[in-house]
Amino acid sequence: MRILLAVSPGGLLRGFQAEGHAGTALKGRNIACAAATALLRTTGQLCAEHAIVREGSAEKPGQMRLVLSPGAEAETGWLKGVTDFLLRGMKELQDEFPREIVVRMETTEV
């Protein structure tokens, strides 16, 4: 599973993109993939509840995308907590399952 996390220069989540499945286990049976999916899905749902999602999709299995709205940074304190939680969770997964989870972080201005 490949995950790209986009963050602002101030360290706030701007969005993410995830592709693929972790490992060779049967679909739904890989703990690394399930953990990453749960973290990403919960992040997306929380951001949607706070009305800061510009785009979000999971068009087919193995793909998930989230783009936060430009005004999302108005939720600075809350979004910082969500960002820190997601980044830590993804780092832990990548450290524990380096052949199955690849996380890349990109700082974006927009």
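Assorted remarks:
- Pairs of Cα atoms farther than 16 Å apart, the chain, %: 55 percent
- Here the label points at Phe85 and Ile31, each 7 Å from Cα along the C-beta direction, are separated by 2.2 nm in the simple model.
- With 0.36 nm allotted per residue and the present C-alpha distance subtracted, the Glu55-Leu4 stretch has 16.8 nm of extension available.
- Helix 76-96 and the longest principal axis of the Cα set of the chain meet at an angle near 20°.
We did not get these values from a lab; they are worked out from the coordinates using the rules stated. Remember, it's a predicted structure, so these values are computed and weren't measured experimentally. Ideal geometry is used to build each Cβ from the backbone, glycine not excepted, and the neighbour counts take in all protein chains shown.
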